[in-house]
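Comments concern the structure below.
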Amino acid sequence: MKPVDRHLADILATVRPLAPLEVEIEAALGAVLAEDVASPVPLPPFDNSAMDGYAVQAGDVAAAPVTLPVIGDVAAGDGGLNALGPGLVTRIMTGAPLPAGADAVVPVEWTDGGTARVRIDRPAPLGNAIRRAGEDVRAGDVVLREGARIGPAQIGILAGVGRRRVLVRPRPRVVVLSTGAELSEPGTPLGAGHIWESNSFMLAAAVREAGAEGFRAGSVTDDPKEFMDTLDAQLLRADAVITSGGVSMGAYEPVKEALSPLGTVTFEKVAMQPGMPQGFGVVGPDRVPIFTLPGNPVSSFVSFVLFVKPALRAMQGLPAGPPATVRATVTGPVRSPAGKRSYLRAVLTGETVAPVTGQGSHQLAALAAANALIVVPEDDTSLPEGAEVEVIPL
Ligand code: AMP
Ligand code: MG
């Protein structure tokens, strides 16, 4: 059997970062920056007031309370050409340029709010309530680096440095296709021998949570031709494909039957539980990566965490490797088959981790009750209560 780490290494050696694309900043949410972004100007671009109040010379208000003549108003958006002589003040609004000669702003709350003359009740230290040019960003400073995930604040700074468009690696478009003659769409009546189809919903959601676009292509029966026709139709819009089911050792394994003859997808047993039957390769003229995951819901979920999620990071130009783990103490004994790495569904609370009841790879409710996977190494067949284990938080 193939070790888990080698399967991931093969996948990461195959997938490539998506080509960068210039997009409007509104469309960049969730994408990964593919350039360093520098500011062409200092931010703030000019000295300005941090408060509504009065621009003064600090020395003139040192002996407050004092009453001084108000020579005018400076509002946000004014060109900033006015100047202030000794003994004079101007009203000033938040964001308005500081008049030449002023070296402090007195907040309106420290005054009587006068418009012709103003009584100032408290002295203001030099530089009070002034935002200096360049104190956030100097001209030429890089504000975002290549590889940054673009969230709302990153879109904010892109706009703040005057950018309308930006070079990003787009969110990979991932098609999710389930197979199984026994599958019924949720929301429709359950026929004899059927179960409701859950994997495509779960995997498409996992794709979205991983920063990519997930599209459900629904499910097909166990007819290899139907599978292949649907896959061909979906390939046009896919940067990657995930299938579920149809890769085990039984009869009626449409994914294996349809893709094996291509010679570009390898099906193998990976030394893990759940999720032993795995397939990976490329399909179509564009050599789109395809992950053929086993159909048992917990197996497909764990396979996604271990193999697909890191691949989606690599496609976004992000550092990619095995999922991060933490260490915790297990609350009860656990068992694991020899020669396979186990991923037990568990609840992680602080530094302890409790396996959930129901470790079957079909037990989706138990997965939904878990928030972590306990990793039991290949060579361990049992661990006692109190053992320290590696845990993948979900
Ligand atoms: P397979 O890998 O196709 O042999 O399927 C293994 C098990 O997973 C079977 O019990 C299937 O009924 C179940 N299964 C396969 N695909 C799905 C799916 N999309 N949603 C829920 N269960 C599934
Ligand atoms: Mg099946």
| task | For segment 20-45, name all the residues that are in contact (Cβ under 8 Å) with a residue 12 or more places away in the chain, within 19 Å of R165 (Cα to Cα) and open to solvent by 30 Å² or more (accessible area, probe 1.4 Å). | result | P20, L21, E22, E24, E26, L29, E35, D36, A38, P40, V41
| said: Being open to solvent by less than 10 Å² (accessible area, probe 1.4 Å) and at negative phi is true for just one of A314, A320, A324, A328. Which residue is that? | reply: A328
| request: Any chance you could count how many residues in segment 359-383 are in contact with a Ser or Thr (Cβ under 7 Å, 6 or more places away or on another chain) and within 16 Å of ligand 1 (Cβ to nearest atom)? | output: 3
| query | Taking Q278, is it within 12 Å of ligand 1 (Cβ to nearest atom) and either of a type outside the set (S, T, Y) or assigned by the TED database to the domain that holds R237 (or both)? | reply | yes
| message | within 16 Å of ligand 2 (Cβ to nearest atom) and crowded, with 18+ Cβ neighbours inside 10 Å: is that true of G295 in this structure? | response | yes
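Yes or no, residue by residue, for (1) away from ligand 1 (no atom under 16 Å from the Cβ); (2) under 19 Å from V175 (Cβ atoms); (3) open to solvent by less than 30 Å² (accessible area, probe 1.4 Å); (4) touching a His at 6+ places or on another chain (Cβ under 7 Å):
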site	(1), (2), (3), (4)
W196	no, no, no, no
A205	no, yes, no, no
A212	yes, yes, yes, no
S219	no, yes, no, no
I242	no, yes, yes, no
V247	no, yes, yes, no
P254	no, yes, yes, no
G263	yes, no, no, no
V270	no, no, yes, yes
| request: Quick one: in segment 59-99, of everything that is of a type in the set (S, T, N, Q) and surrounded by fewer than 17 Cβ atoms within 10 Å (Cβ to Cβ), which residue is nearest to G113 (Cα to Cα)? | output: T67
| message | Among the residues that make up segment 47-58, is at least one of them in contact with a helix residue (DSSP H, G or I) (Cβ under 9 Å, 6 or more places away or on another chain), open to solvent by 70 Å² or more (accessible area, probe 1.4 Å) and not aliphatic (A, V, I, L, M)? | response | yes
| request: Name every residue in segment 211-227 that is more than 11 Å from T179 (Cβ to Cβ) and either modelled with pLDDT of 95 or more or among the hydroxyl-bearing types (S, T, Y) (or both), in order of residue number. | output: A212, E213, G214, F215, R216, K225
| query | In segment 224-239, what residues are within 16 Å of ligand 1 (Cβ to nearest atom) and surrounded by fewer than 16 Cβ atoms within 10 Å (Cβ to Cβ)? | reply | E226
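Which count do you get for residues in segment 298-311 that are within 16 Å of ligand 1 (Cβ to nearest atom) and open to solvent by less than 10 Å² (accessible area, probe 1.4 Å)? Working first, answer last.
If we filter segment 298-311 for residues that are within 16 Å of ligand 1 (Cβ to nearest atom), which is where we start, we get 298-304, 307-308.
Filter again for open to solvent by less than 10 Å² (accessible area, probe 1.4 Å), leaving 298-300, 302-304, 307-308.
Here the count works out to 8.
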| task | Please specify each residue of segment 161-184 satisfying the condition of being open to solvent by 40 Å² or more (accessible area, probe 1.4 Å), in contact with a strand residue (DSSP E or B) (Cβ under 8 Å, 6 or more places away or on another chain), away from ligand 2 (no atom under 16 Å from the Cβ) and part of a loop (DSSP other than H, G, I, E, B). | result | R163, R164, R171
| query | Can you find even one residue in segment 334-344 that is surrounded by 21 or more Cβ atoms within 10 Å (Cβ to Cβ), assigned by the TED database to the domain that holds S198 and under 29 Å from L183 (Cα atoms)? | reply | no
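The values are calculated or read from the model by the stated rules, or taken from the named source; none is laboratory data. In this text the structure is predicted, and so the values were computed from the model without any measurement. Please note: Cβ atoms are built from the backbone with ideal geometry, for glycine as well, and neighbour counts cover all protein chains shown. Accessible surface areas use protein heavy atoms only, side chains included; no ligands, DNA or RNA. Shrake-Rupley method; radii C 1.70, N 1.55, O 1.52, S 1.80 Å.
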